[in-house]
1. Keeping to the range 47-58, report how many residues are surrounded by fewer than 10 Cβ atoms within 10 Å (Cβ to Cβ) and either touching a residue at least 60 places away in the same chain (Cβ under 8 Å) or assigned to a loop (DSSP other than H, G, I, E, B) (or both).
2. Restricted to the range 5-40, and to residues that are polar (S, T, N, Q) and part of a helix (DSSP H, G or I), which residue is modelled with the highest pLDDT?
3. State which residue pairs qualify: first residue among the hydroxyl-bearing types (Ser, Thr, Tyr) and inside the range 1-13, second residue loosely packed, with under 10 Cβ neighbours inside 10 Å in any location, beta carbons under 8 Å apart, and separation of 6 or more residues or different chains.
Amino acid sequence: MTIEEIKREALSLDPETRADLAHVLLASLDSLSEAEVEALWLEEAARRDAELDAGTAVSIPADEV
């Protein structure tokens, strides 16, 4: 099953079940080591940079945020 399929299935759940799933998923992140969290942030930064380079995202100046 792909991530997109999992997302689609999860979004089809009723709100209470989605909330429970979200809680379980978020709680699972609490057990990550500092190195794992840093690696995830680096992945996210690279993903965002790629989106900016591809033109699929736009930046907003800090004074406008």
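1. Step one: filter the range 47-58 for residues surrounded by fewer than 10 Cβ atoms within 10 Å (Cβ to Cβ), giving 53-56, 58.
Now drop any that are not either touching a residue at least 60 places away in the same chain (Cβ under 8 Å) or assigned to a loop (DSSP other than H, G, I, E, B) (or both), which leaves 55-56, 58.
Counting residues in the range 47-58 that are surrounded by fewer than 10 Cβ atoms within 10 Å (Cβ to Cβ) and either touching a residue at least 60 places away in the same chain (Cβ under 8 Å) or assigned to a loop (DSSP other than H, G, I, E, B) (or both) gives 3.
2. Taking the range 5-40 first, the residues polar (S, T, N, Q) are 12, 17, 28, 31, 33.
Checking which are part of a helix (DSSP H, G or I) leaves us with 17, 28.
Working: THR17: 97, SER28: 89.
Step by step, filter the range 5-40, then rank; the result is THR17.
3. none
The values are calculated or read from the model by the stated rules, or taken from the named source; none is laboratory data. Source: prediction; values computed, not measured. Cβ atoms come from the backbone with ideal geometry, glycine included; neighbour counts cover every protein chain shown.
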